[in-house]
Amino acid sequence: MSGSGSGSGSESASTLVAETVWKEIESTRTVSDDQFWTLHFIFGKNLEGAARIVDQRGVSRICGHPSGRFIFQVTGESTRKKDHYLCFPHHFCACYSFFYEVLNRRQQLSCKHQIAARLAASLGAYVELNVSDEELALLLLKI
C-alpha cells in the first residue's frame, strides 16, 4: 500500500497498525479478541457493521477468468433494501459513506464495506463467484 503523503501522521500510523493486524489474521484465519479491539480502535463503528456483514456471508469475491483479477461485492446492512456495493478493500467503495465520510469529510479511514471485504478476505470467509474477464469488465463499467 503506497501513501500519497496527503494524510495526517496518525492516519499513517493507524493504517500501518491495521495492515499488521490484517496480515496476522490472514496467517491464522481467525480473529483474536486483541486483534478485534485493535481494529475497533482504528475503525470504530464501521468494524462492528463489517463484522455483521461477514457473519451473514454478505461478501462475495467476483473473480475474472482467465486473468484472475477480482473485485469484492458487499451486501449492505439496510433492512429495507439489500444494496450490493462493489469495492476494492484498500482504495474504493461505491457506497455513499465512502464518498462522504472517507473522501470528503475524512472522518473514517474506510467504510464498513471495505472493512468487511478485507475481513472476509483475511478470514477466507467470502463467496467466490467466477465470471469471464469480459463480464468483470462490464461490471466495472457500472461503477
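Each value in this text was obtained by applying a stated rule to the coordinates, not by laboratory testing. Everything numeric here is computed off the predicted structure, so don't read it as measured data. Because the Cβ atoms are built from the backbone with ideal geometry, glycine has one as well, and the counts that use them run over all protein chains shown.
What length, rounded to one decimal in nm, is gained on full extension from Arg69 through to Phe41, with 0.36 nm per residue of separation minus their alpha-carbon distance? Can you show the working numbers first?
On the way: separation 28, 0.36 × 28 = 10.08 nm, distance 3.17 nm.
Full extension from Arg69 to Phe41 adds 6.9 nm.
Within the chain, which DSSP H helices have Cα atoms that stretch 27 Å or more along the helix axis and a mean Kyte-Doolittle hydropathy of at least -0.5?
9-28
Which whole-number percent is the relative contact order of the chain (Cα, under 8 Å, 6+ apart)?
Relative contact order for the chain comes out at 29 percent.
Using a 7 Å offset from Cα along Cα-Cβ at Glu128, what residues in the range 45-59 end up with backbone N under 19 Å from the label point?
Counting backbone N atoms under 19 Å from the label point, the list is 57-59.
Taking other Cβ within 10 Å of each residue's Cβ, how do Lys142, Lys82, Lys112 sort, fewest first?
Values: Lys142 7, Lys82 10, Lys112 29.
Ranking Lys142, Lys82, Lys112 by Cβ neighbours within 10 Å, fewest first, gives Lys142, Lys82, Lys112.
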